[in-house]
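Contents: one structure, followed by commentary.
The values are calculated or read from the model by the stated rules, or taken from the named source; none is laboratory data. As the structure is a prediction and not an experimental result, all values here were calculated from the model. Note that we place each Cβ from the backbone using ideal geometry, even for glycine, and neighbour counts take in every protein chain shown. Heads up: the accessible areas ignore ligands, DNA and RNA and are worked out on the full protein's heavy atoms, side chains in. Shrake-Rupley method; radii C 1.70, N 1.55, O 1.52, S 1.80 Å.
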Amino acid sequence: MFANLTNALDFQAKALVLRADRQRVIASNIANADTPGYVGRDVNFKEAMSAALDESNTSSAPRLTASTSHARHIPLQAQTASLGSNSLAYTAQTQPAMDGNSVDMDRERANFVDNSVRYEATLRFINGQSKTILSAIQGQ
Amino acid sequence: MSMFSIFNVSGSAVSAQAQRLNVVASNLANADAVAGPDGQGYKSRQVVFETVPMGSDASSGVRVNAIKESNEPLRRVHNPSHPSADADGYVTQSNVNPVEEMVNMISASRSYQNNVEVMNTAKTLMLKTLQMGQ
């Protein structure tokens, strides 16, 4: 029964982890904006998110397991999403540079702000849902 | 928490850009330096950046791989009254191009600012995450 309460939270939690990963990827691009030969990377969020959801729906073998010493121990479920290497792509050069660097600073900054707004939105969804659950528990 | 590595990534970039700024400062300071008696003047220096993988596939920092001296010929200026002038009246000076160095300085300072902003945003997001559920 309790799982039904927290299912919606799990979805947002996965989205939050993937947003944090994307933030890291964009930070790496901005850090390497002046490195010769660096090729920028970005996350295909749709693919990464559906991969994370598929993983939890059809998880025959959870990656993280806790040892159980009693028949009535409840096994731990692996709930964390992670960025698979197939959802990490390379960015194309918008304006070819002599040093082979494909980072477009305007695009990266826009992506960075976009991603932080979406991260905060996900955070707000989590806060709202946890408040809903809390008021349902308290029944007032 | 995976966002902590943003500080490592942007921190490495900030320190690399600071080193670049340092090299620009010494180039500009020596722009008018005159060659000594051995004829060896100051040669302008440039940093070479290199990507450093940090832990996972998704995060990569940056570091200064090498500081290379420019191979441009030293500048020779006709100034017979100068105490260091040679028999033909020429003075050998450094090969620093001040215009190039100023452009380099602006580029380094912009990149520095960008990375500081990235760290600030990451910090704000993490503080908000800590308040989750309150």
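At a glance:
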item: Compactness relative to 2.2 N^0.38 Å, alpha carbon Rg of chain A; result: 1.36
item: In nm, spacing of pseudo-spin labels at B:A87 and B:V48 (7 Å Cα→C-beta vector); result: 3.9
item: Equivalent-ellipsoid semi-axes of chain B, from the Cα gyration tensor, Å, largest first; result: 46, 14, 8
item: Accessible heavy-atom area order of A:Y119, B:Y112, highest first, probe of 1.4 Å; result: B:Y112, A:Y119
item: Solvent-accessible area lost in complex, 30 Å² minimum, residues of the stretch B:39-55 relative to chain alone, 1.4 Å; result: B:F49, B:T51
item: Calculated from backbone phi, Karplus (6.51, -1.76, 1.60) coupling profile of the stretch A:125-136 in Hz, x at Gly/Pro; result: 4, 4, 4, x, 5, 5, 5, 4, 4, 4, 6, 5
item: Relative contact order of chain A, defined on C-alpha pairs under 8 angstrom at six or more residues apart (%); result: 38
item: Neighbouring partner chain Cβ atoms per residue of B:2-9, average, 10 Å criterion; result: 6
item: Sequence of A:F112, A:F125, B:F7 from largest to smallest accessible area, 1.4 Å probe; result: A:F125, B:F7, A:F112
item: Pairs of Cα atoms farther than 36 Å apart, the protein assembly as shown, %; result: 37
item: Computed over chain B: relative contact order in percent, which uses C-alpha pairs under 8 Å that are six or more apart; result: 31
item: The stretch B:23-134, accessible area per residue, ligands and nucleic acids excluded (1.4 Å, Å²); result: 59
item: Pairwise Lys count, the protein assembly as shown - Cα closer than 27 Å, eight or more residues apart or different chains; result: 9
